[in-house]
Each structure stands twice: as C-alpha cells, then as structure tokens.
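Some notes on the structure that comes next.
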Amino acid sequence: MPPTVAQGAVLDRATIQKTIGGIAAEMREAYVFPDKGAIAADMLEKALAENAYAGATDPARFALLLTEQLRAVTKDSHVRVIFGSPFGKQPTPAGSEDAGFEARRLGGDIGYIRLERFVPPDIFNPAADAAMRSLSDTRALIIDMRENGGGHPASVAYLVSFFLDPGVRVHVNDLVWRNRGTTTFRTESFWSSPTPVRYAGKPVYVLVGPQTYSAGEEFAYDLQALQRANVVGTVTRGGANPGGLNDLGSDLFVVVPTGRAENPVTRGNWEGVGVRPDVETGLEDAMETAIAMAKRGSRT
C-alpha cells in the first residue's frame, strides 16, 4: 500500500515519459546482464512510442505493469517498479533487539533460531553473538529461514562463520558487480570471520520455503555448498541478483540489480531456480522433520 500522501495521484504523459526514460537508462547503464538490460530498455521505449501506456492513470497499476514487463524479459524477481517510497514507514533499527532474531531451546537439547532478515552487520553481529552464545551448548541446532526475506551479505557471512572450523578462513560467497556504464565487472568477496563461540562439528538444520528470499536463500545455499547443514523444507523463491533503489520522481522507484551471487564452491547460484532442500517436505512439516532428524542426529 503506498503512503497515504500518495493516494489519489494520477499519471500524466510527462510523468510516464520520464519514468520510462529513467528505467531504460538504468537498465542500459547498470543492469548486471548488459544484453538483457538493453533488450528490456528497448522494449519499454518501443511500447511508449506505440502509445501502449496512453490509458495509464493509476501509478500503482502502472508500476505493477512495468514490473511484469521487465520481469518477462529479464526473468529476474529482484527487478521491480514501486509506487510510494518503501522507506516511508520503516524506522531505522535502533539496536540488536531489532535484528529479527528469536532464539530458544526445544526439547531434546535442540536449539532453535528464527531469523526474519539480515540487517547490517553493526546491528546484526551483536545479536548473532547473543543468540549463538545462548545455544552453543545444545547438541543440534535448527535455523528457521522460512520467512527470511533477505538483507546484507556481510551479515550472512558472519552467521555462516559460527558453523565453520575457527582455524580456517573460509571463502563463503562472491558478489560480481557491474561497473556502471560499462560491460566490465568487479568482484566483492565474503569470508568467514572470528566469532565469540563456534558451533562446529554439530548437526545444523536450515528450514526454508517459498518466502525464503535473497540473502535468506544465500545462507541456506552457502551452508549446503560447504556441506555444513541439512536444508529442510520446500524450494525457495530464487533471487540471487542484488541491486539498489533508484528514484524516478513522482513517487515512483525502480530496483535494478547491479550484481549477481557466485558461490566459490558451486561457481553458480540459486537465481530463478531457488535452493533445493536436501530433505523436501511440506512447508508445515519442515519443523517436525528437522526435530526428528536432530533427535536422531541424522544427516543426509
């Protein structure tokens, strides 16, 4: 739902032209796959020239239409056009209590962490430290990512670090970024780092589902690739191309992915296909299945 101040807004031709021009420029200059970006830009400009948007008056529906058109070309779920600032009703997290962690103990000496998002490291890391300290003596751990919608890749790498050998620095993930306005790229690498406690050598189960997205998927994918966790549940949404929000004016915004994940073990990612669980279950059965596996101490 757009902010209240934007409700009742009506598009005019100048706004439509400016919006299409802004999106086309971003797709050509910044989209991580230059060829697809150019094709998407050409598509929008052709539609504009043919008066395909002449009847558009509702900016929210216009944004949805453009999102559908862009995704039809790119097959990229991160690409989207938004009406109404997504930051309007999102207060800045004030401390570790806002990091989205729920940590508790289950029967059978099993730890459980539910995580909704990967907030930036300055907030995330202290919350992760507290959660992992509280459960470090359990014999198995279940990490629930079924409603995790994504976030910061450095926070993913930090959480992964708890489950690895502290004596070895491990290459966790890469993000390959397009250099704006070129067809060249740069690589940002993420490695394991020191943590106050470790959970190495004990069973770990990661719950996933169709709402698990982006950085939430990366966490499951990274641990799976490192053979450090069993992933349990249903196939995830499939978004591996991060990007930024661009202001188009008139309360319209476009998200254009400028990077793609590349796992150092698989040399691939989960874009468009999702993370496939080691143990596939119904969404509601994932928890019960993981608990049963933890009690048995089983791994796939």
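Can you tell which of ARG198, ARG146, ARG169 is under 20 Å from GLY274 (Cα atoms), part of a loop (DSSP other than H, G, I, E, B) and assigned by TED's automatic domain parsing to the domain that holds ALA290? Steps first, please.
Details: ARG198 fails: under 20 Å from GLY274 (Cα atoms); ARG169 fails: under 20 Å from GLY274 (Cα atoms).
Among ARG198, ARG146, ARG169, only ARG146 is under 20 Å from GLY274 (Cα atoms), part of a loop (DSSP other than H, G, I, E, B) and assigned by TED's automatic domain parsing to the domain that holds ALA290.
Out of all the residues in segment 260-268, is one or more surrounded by fewer than 23 Cβ atoms within 10 Å (Cβ to Cβ), modelled with pLDDT of 95 or more and of a type in the set (S, T, N, Q)?
yes
Of the residues that make up segment 114-130, is at least one in a helix (DSSP H, G or I) and charged (D, E, K, R)? Yes, segment 114-130 contains a residue that is in a helix (DSSP H, G or I) and charged (D, E, K, R). In segment 46-63, the residues that are more than 11 Å from ARG13 (Cβ to Cβ) reach residues that are of a type in the set (Gly, Ala, Ser) with C-beta atoms within less than 8 angstrom, at least six apart or across chains, in these pairs: PRO59/ALA6; PRO59/ALA9; PRO59/SER250; ALA60/GLY84; PHE62/ALA56. Taking segment 240-282 as the range and being aliphatic (A, V, I, L, M) and either part of a loop (DSSP other than H, G, I, E, B) or assigned by TED's automatic domain parsing to the domain that holds ALA225 (or both) as the test, the residues that pass are ALA240, VAL265, VAL273, VAL275, VAL279. Counting only residues that are outside any strand (DSSP E or B), in contact with an Asp or Glu (Cβ under 8 Å, 6 or more places away or on another chain) and not charged (D, E, K, R), segment 217-239 holds 6 of them. Among the residues of segment 188-245, those identified as on the phi > 0 side of the Ramachandran plot and surrounded by fewer than 22 Cβ atoms within 10 Å (Cβ to Cβ) are GLY201, GLN227, GLY238. Take ARG114 and decide whether it is at pLDDT 95 or above, in contact with a strand residue (DSSP E or B) (Cβ under 9 Å, 6 or more places away or on another chain) and within 30 Å of SER136 (Cα to Cα). Yes: the conditions hold for ARG114. The condition (being of a type outside the set (Lys, Arg) and without any contact (Cβ under 8 Å) to a residue 60 or more places away in the chain) is satisfied by just one residue among SER214, SER136, SER161: SER161.
The values are calculated or read from the model by the stated rules, or taken from the named source; none is laboratory data. Being a predicted model, the structure only gives us computed values, none of them experimental. Don't worry about glycine lacking a Cβ; one is built from the backbone with ideal geometry, like all the others, and counts go over all protein chains shown.
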